[in-house]
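Novice: Before I ask anything, let me first share the structure, which is written out below as structure tokens.
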């Protein structure tokens with residue numbers, strides 16, 4: 001009888017565990033809309049280097065790229081090999097880059113500043129990686145998962161948001177490099193299409 005109950009309950013537990021890694025529907029009413037100004041640009045955040053800065057200070061003459069990311073999500077690990085190349089592309093085109101960690105509920109479970117510093121070092125991040133204290137910025141942006149990207153123009157207006165590209169599993173098999181195309185088109189003055197895509201990732205672990 002006990003074995004029967006175990007066989008019945010185990011698939012349910014596994015299913016619940018997997019839900020943490022599946023995409024969820026965006027909170028459309030809360031998410032920053034295309035054309036909206038970047039919020040909370042004067043809020044100070046602390047980078048893994050110890051430097052205290054704001055989004056306003058990170059932004060360059062052609063805009064700002066914000067990526068909500070973390071240390072513990074398998075979706076982040078899948079896309080992580082594209083982080084530095086995209087950062088380089090953005091900075092070559094005078095677009096500031098910052099990655100923010102909003103996982104406030106699990107700071108003691110792999111998402112602390114110490115964990116972030118270790119991740120930045122081991123992954124060779126060449127961009128700012130800062131703590132989003134209390135997930136305030138993520139909430140203001142309407143971000144829902146990690147990774148979740150927001151690209152702003154020189155007027156700090158949102159021009160693209162969503163996924164990095166269309167293939168988390170393999171960079172060499174990407175057919176639609178959404179974010180790279182958005183960066184190139186932003187700088188060249190061409191229209192960005194699509195302006196929004198569905199970000200796939202682990203749900204943000206909001207403070208309780």
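Novice: I'd like to compare 190-199, 86-95: which one has the highest average count of other Cβ atoms within 10 Å, and what's the full order after that?
Specialist: 86-95, 190-199
Novice: For a quick check, take a GNM of the chain with Cα springs below 10 Å and name the residue from 133, 57, 157 with the largest mean-square fluctuation.
Specialist: Of 133, 57, 157, the most mobile in the Gaussian network model is 57.
Novice: Also, I was wondering about something else. Say each of residue 91 and residue 156 gets a label point 7 Å from the Cα, pointing the same way as Cα to Cβ; how far apart are those two points in nm?
Specialist: 2.2
Novice: State the antiparallel share, in %, of DSSP beta bridges confined to the chain, rounding to the nearest 5.
Specialist: Approximately 65 percent, going by the DSSP bridge assignments.
Novice: Counting only the backbone N, which residues of region 82-121 are under 17 Å from the spot 7 Å out from the Cα of residue 56 toward its beta-carbon?
Specialist: 96
Novice: Order the peptides 98-106, 165-173, 32-40 from the highest to the lowest mean number of other Cβ atoms within 10 Å of their residues.
Specialist: Top of the packing list down: 98-106, 32-40, 165-173.
Novice: Then there's this: Relative to the longest principal axis of the C-alpha atoms of the chain, give the angle of the C-alpha long axis of helix 113-123, reported between 0 and 90° and rounded to the nearest 10°.
Specialist: For 113-123 against the chain, the angle is about 70 degrees.
Novice: Please give the helix 2-19 orientation as an angle from the longest Cα principal axis of the chain, in degrees from 0 to 90, rounded to the nearest 10.
Specialist: 0
Novice: In addition: Over the residues of region 23-203, compute the C-alpha Rg and express it relative to 2.2 N^0.38 Å.
Specialist: Relative to the 2.2 N^0.38 Å estimate, region 23-203 comes out at 0.93.
Novice: Provide the gained length on full extension for the span residue 123 to residue 105, in nm with one decimal, where the gain is 0.36 nm per separating residue minus the Cα-Cα distance.
Specialist: Working it through step by step, the gained length comes to 4.1 nm.
Novice: Can you say what percent of the DSSP beta bridges in region 95-189, counting only those with both residues inside, are antiparallel? Round to 5.
Specialist: Taking every DSSP beta bridge within region 95-189, about 50 percent pair in antiparallel fashion.
Since every read-out is calculated from the coordinates, none of them should be taken as a lab result. These numbers were taken from a predicted model, which means no experiment stands behind them. Note that each Cβ is placed from the backbone with ideal geometry, even for glycine, and that neighbours are counted across all protein chains shown.
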